[in-house]
Each structure stands twice: as structure tokens, then as C-alpha cells.
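This report concerns only the one structure given below.
Each value in this text was obtained by applying a stated rule to the coordinates, not by laboratory testing. Keep in mind it's a predicted model, so treat the numbers as computed, not measured. When we count neighbours, we look across all protein chains shown, and the Cβ atoms used for this are built from the backbone with ideal geometry, even at glycine.
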Amino acid sequence: MRIAGREKLDDWIAGRWFHLWPLSLEVTMTGTSKRFAVVVLGLALTLPGLASANADLEKLIANPNNWAMQAGDMYNQRYSKLAQINAQNVGKMQVAWMFSTGVLRGHEGSPLVVNGTMYVHTPFPNKVFAIDLDTQKIKWRYEPKQDVAVIPQMCCDTVYRGLAYAENKIFLQQADSTLLALDAANGKVIWSVKNGSPGRDRWRTGWR
């Protein structure tokens, strides 16, 4: 593959300038160059949706009452601006309520909090709970059916490292490599896709 030239295009997407550089490619012995061009075009076409999802998430992150992504913000700072708990009163904290997921394995990753609802995940079988923080009642739960044969292939216990949120959807990456989107309001599956084959030592442990 040889790059013959390039032309700069300014494309206005979601209120921001993105500089896209379509490449003029010369096909040599194989179709690699052609496939590469298709990938570049596909990436450009997905940018509007990506920008929309990010804008939605950034709006939620700006509210310190939310914890809408695993690390708290786009910079992975893992820092909350809430000030109710501080150096003077932290030693006086007591248990206000507790919740059991019913799964007795290692729990990793942070729960998500979006607009007064906490989304809790578990290790295999990767249950998801939506909890109303005002009442501490379960709003909905989702429990996928997975083949237990995936467990011996997993490293580091059967942990799951966390959910993701965007545009009123909860994204769950199951251990069996199935990625799905749940409706954040009711837990119903919106779509799902298989990302690999557990039988070939391919498994997933979620979002970091």
C-alpha cells in the first residue's frame, strides 16, 4: 500500500470542528488498501453519534450528584466534588443501609449513579440491579443466562469490572463475550451482540 496524496476537509459535527484526512490509496497486490479506506469512511460516519453520546455523558458528569462512568470523569480522576463527608466527620460515619447482590465472589468496579438511581453489577453471572437511592428499593433487575463453562477460562476470579452508561442505556459486557444495552429505566434488553467465542478462551470482564 502506498499513500498517493491527501486532502484536508473541515467537517462540522455536533458543534465542533473535526479535521478528517481522507487518503488517496494505491492498491497493490491485495485489497488491503481498499479495506482500509472503507474503515476510515466508516469511522467518519460514526462520529456524529459518538459526539452525541459524549455530550450526554459530559452533561451528567458535570452534576456531582451523579457518578455516570467508572472513573467519575473523562480524565479518570476518580474524585468526587461532593462535600457532605469531610475530614472532620468521616470518623463518625455509620451504616445507613446495605444491599446484598446474592453473589459470593469478588466484586470489582464502581456502581454507577445517574439521576438518583444506582446501577449495581455483580461478578458472574453478571447481574445488574437498579436501585432507587431515595427509597433503597430495587427498581429492576437483570440476570443473564450464561453457560457456566466460561468460568474455568476466566482469570482473576469471576469478577466484572463495571457497567457503562450513555443516552439512557446501561451497557453490560457479559463474561461469555455478549455485549448488550439495557434500557436504564426498566432493564429491558434493547440490543445485544456476540463479541467472541468463550470456547476459544475469549471472555470479557467489563469496562475499566
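Loop-only trypsin sites (Lys or Arg not before Pro) in the range 150-198, please: DSSP not H, G, I, E or B, and at most 16 other Cβ atoms within 10 Å.
Lys188
Per-residue extension of 0.36 nm, minus the Cα-Cα distance of Ala96 and Cys155, leaves a gain of 17.8 nm for this segment. The lysines whose alpha-carbon is closer than 17 Å to the alpha-carbon of Lys59, local same-chain residues fewer than 8 away aside, are Lys81, Lys169.
How much FRET efficiency would the formula 1/(1 + (r/R0)^6) give for Lys194 and Glu58, where r is the Cβ-Cβ distance and R0 is 25 Å, rounded to 0.05?
Details: r = 30 Å, r/R0 = 1.21.
The calculated FRET efficiency here is 0.25.
Applying Stokes-Einstein at 25 °C and 0.890 mPa s to the Kirkwood radius of the range 102-200, computed over alpha-carbon pairs, gives a translational diffusion coefficient of 177 µm² s⁻¹. The dipole here belongs to the range 102-200: it is taken about the Cα centre, uses +1 on the Cβ of Lys and Arg and -1 on the Cβ of Asp and Glu, and is about 160 debye.
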